[in-house]
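Asks: Here it is, the structure, as structure tokens.
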Amino acid sequence: MAESWPFLDTFEPNFRPLVVIELAKGTKEETIEWFTKRIVDKKANGGAQLLVKPLVTENGDEHIYLVGASHFRLLLGAETVGLVKECNDNSMRTFTYSGRKTFKDFADDNHNFLTMAECQYIIKHELENLRAKDEKMIPGYPQAKLYPGKSIVRRLLTSGILVQIFPLHDREELKKLRHSWYGRVKVGYQPLDEIRCYFGETIALYFGFLEYFTFALIPMAVIGIPYYVFAWEDYDKYVMFATFNLLWSTVILEVWKRICAIMTYRWGTLLMKRQFEEPRPGFHGVLGINPVTGREEPVYSSIKRQIRIYLVSLPFVCLCLYFSLYVMMIYFDLEQWALDYHEANNSNFSSLMLFVPSIIYAIVIEIMNRIYRYAAEFLTSWENHRLESSYQNHLILKVLVFNFLNCFASLFYIAFVLFDMKLLRQSLATLLITSQILNQFAESLLPYWLQKRYKKRTKKRMCSLKTDTDLSLVEQVNLEKEMGTYFGTFDDYLELFLQFGYVSLFSCVYPLAAVFAVLNNITEIYSDALKMCRVYKRPFAEPTANIGVWQLAFETMSVISVVTNCILIGMSPQVNALFTDSKTDLILTVALVEHLLLALKFIMAFVIPDKPRDIQIKLAKLEFESLEALKQQQMQLAAESLKE
């Protein structure tokens, strides 16, 4: 089939496959010919001007295609997507092909100027921007309708013609990264720059935040150990620990902003301009005109969306929250049963039974969180949000609200309704440790075991990740296409968010919470690195300048922790002894201290700059130079018009 398509013979002699396109088996030949022609056609003709090559499998089936691009095409693509690279004067600037000689390490024969992840990101951008011109349908599939401006790749995906698109691993680079990242147990920093070059900024920022958060927990853990050892039942001494907790939760988040700015400036993403967002793949509606772009695209009434949100999604979320509280009350009934059983028997077995309700409840919480996650994704998709950012914000809000109540409602009830500090300590310890064990198993160990089983069933493919055997490209593609898909950092950040809640909200009654969090995060770094390198397909790089809405989520949790810890301090016998005559004075004093601490928190957030001074100067300098260049351009245009 390939021989009959002359446009497929436009390969460079050193064609480098970067991205794999897998079509459904049995895809019609006219569809394949039309799609591949659009990929290789010139940009002026509505194509992507990339290189494509069919991958012939052992049975001769051609439904997998390799996509690459010439060095020249990738450089033009780097300018299109607005990549920022380092210049010869050590400044960071948006790459332009005309000014390519001014960029550090650039040479016409240096094909490593762009990282492989950047090249794959450029190809993904070009493929996603393949749009229908005058086609009314996908050739060979009349039911797959098209209209001018519709994304071809998205229509192929929703129609089931296109199975998946994924970037290929670079086996040599992956081997080096694995060795420096988790190949040996060592005390040191992660190779974040290498992770960024291979997986992109989004994933590198997650691992950077995980590493930073782990180091930030160490002071809490160091202080918590003597509190646990020497003041196990003396809650009076936890007042100082709670006070330190308040300052700690604020400072670490503000310092992270500065570290994040330093990293993303070095990587260039701090300077990248936000592109105009296209409609998300699942968005549907009546064909209309976008008033901003002037292009035809689906239009959906915002009133209908609001009706779906407030009349369906909101009641459903409230119902789930009520069910979570109902399960919580069942848990307290089990706790009472275990306590009665222990008082009746008073044996070692009955002592162990005291922990059973908390363990069962922790497992139920994890199951409910995962089931609710699927329901939240379905509802958010059904709400039909136009932009991916809007979809993500609504999804995160739904998941965070439920997870917060599901994980912490029992602790709030124990602390502020039952006033049982011993049960609070026991429940916090059990929930924290059980959730960490379950997450490690579900996110890393289970997928890794399943992947090993798959490799054992495929004798030749087994060697690609276990030894240094040089396997063919066909075997590599066939192995990688069967690997699991990494769906982003959502679950990873959610796990850290809940862990931050356990540590900041109630750790003053269980100081070892930070210790277990540190131990978990150390293993998390290695297990997450393992799953990225050996369990999942390589994800596309996604440039980002920060951790996004998760920064706001962590800051909100830190505000809640101020209120929680102030109330816990007010409940301590040491503070109560100062207000023996009037509880009203105690409440007013606690409220005053809480407001003062919140004010201190916001003052600290204001005083600590989000970006270091040197980076602020560099950004201001770039902005000034851009304005000067714009003025020069306008003056030249004015001078030319006067001459005419």
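Asks: Do you know which residues across region 106-154 are open to solvent by less than 30 Å² (accessible area, probe 1.4 Å), without any contact (Cβ under 8 Å) to a residue 40 or more places away in the chain and in a strand (DSSP E or B)?
Replies: Ala144
Asks: Search region 33-56 for residues being in contact (Cβ under 8 Å) with a residue 24 or more places away in the chain and among the basic types (Lys, Arg), and hand back the single one that is least open to solvent (accessible area, probe 1.4 Å).
Replies: Arg38
Asks: Is it fair to say Lys150 is at pLDDT 90 or above and either among the charged types (D, E, K, R) or in the same structural domain as Thr544 (by the TED database) (or both)?
Replies: Judged against the criteria, Lys150 is not a match.
Asks: Give the residues of region 104-138 that are more than 23 Å from the chain's Cα centre (by Cα) and of a type in the set (Val, Ile, Thr), sorted by residue number.
Replies: Within region 104-138, just Ile138 meets the criteria.
Asks: Which one of these is in contact with a helix residue (DSSP H, G or I) (Cβ under 6 Å, 6 or more places away or on another chain) and not assigned by the TED database to the domain that holds Ile560: His394, His342?
Replies: His342
Here's the yes/no breakdown for (1) among the aliphatic types (A, V, I, L, M); (2) at pLDDT below 75; (3) open to solvent by less than 50 Å² (accessible area, probe 1.4 Å); (4) touching a Phe, Trp or Tyr at 6+ places or on another chain (Cβ under 6 Å):
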| site | (1), (2), (3), (4) |
| --- | --- |
| Val251 | yes, no, no, no |
| Cys260 | no, no, yes, no |
| Tyr265 | no, no, yes, no |
| Pro279 | no, yes, yes, no |
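Asks: Just one of the numbered conditions (1) touching a strand residue (DSSP E or B) at 6+ places or on another chain (Cβ under 9 Å); (2) buried (at least 16 other Cβ atoms within 10 Å of the Cβ) is not true of Leu75; which one?
Replies: Tallying (1) touching a strand residue (DSSP E or B) at 6+ places or on another chain (Cβ under 9 Å); (2) buried (at least 16 other Cβ atoms within 10 Å of the Cβ), Leu75 fails exactly one: (1).
Asks: State all residues of region 342-369 that are touching a residue at least 40 places away in the same chain (Cβ under 8 Å) and either open to solvent by 40 Å² or more (accessible area, probe 1.4 Å) or β-branched (Val, Ile, Thr) (or both); if no residue qualifies, say none.
Replies: Phe355, Ile359, Ile363, Ile365 - these are the residues of region 342-369 that are touching a residue at least 40 places away in the same chain (Cβ under 8 Å) and either open to solvent by 40 Å² or more (accessible area, probe 1.4 Å) or β-branched (Val, Ile, Thr) (or both).
Asks: State the number of residues belonging to region 84-105 that are open to solvent by 90 Å² or more (accessible area, probe 1.4 Å) and aromatic (Phe, Trp, Tyr).
Replies: Residues that pass the stated criteria total 0.
Asks: Filter region 544-579 down to residues that are polar (S, T, N, Q) and under 24 Å from Lys422 (Cβ atoms), then give me how many there are.
Replies: The number of residues fulfilling the criteria is 6.
Asks: Condition first: outside any helix (DSSP H, G or I) and modelled with pLDDT of 90 or more. Can you find one or more residues in region 547-561 that meet it?
Replies: Looking through region 547-561, at least one residue is outside any helix (DSSP H, G or I) and modelled with pLDDT of 90 or more.
Asks: Okay, next question. Could you list all residues from region 590-627 that are surrounded by 16 or more Cβ atoms within 10 Å (Cβ to Cβ) and without any contact (Cβ under 8 Å) to a residue 40 or more places away in the chain?
Replies: Answer for region 590-627, where residues must be surrounded by 16 or more Cβ atoms within 10 Å (Cβ to Cβ) and without any contact (Cβ under 8 Å) to a residue 40 or more places away in the chain: Val590, Val593, Glu594, Leu598.
Asks: Additional query: Consider region 370-391. How many of its residues are assigned to a helix (DSSP H, G or I) and open to solvent by less than 60 Å² (accessible area, probe 1.4 Å)?
Replies: 11
Asks: Being open to solvent by 70 Å² or more (accessible area, probe 1.4 Å), assigned by the TED database to the domain that holds Leu431 and at pLDDT 90 or above, is that true of even one residue in region 319-335?
Replies: No - not one qualifying residue is present in region 319-335.
Asks: Is it fair to say Gly68 is at pLDDT 85 or above and under 19 Å from Val477 (Cβ atoms)?
Replies: Criteria met by Gly68.
The values are calculated or read from the model by the stated rules, or taken from the named source; none is laboratory data. Please read these numbers as outputs of a predicted model, since none were measured by experiment. Quick reminder, even Gly has a Cβ in these numbers, built from the backbone with ideal geometry, and neighbours come from all protein chains shown. SASA here: full protein model, heavy atoms, side chains in, ligands and nucleic acids out. Shrake-Rupley method; radii C 1.70, N 1.55, O 1.52, S 1.80 Å.
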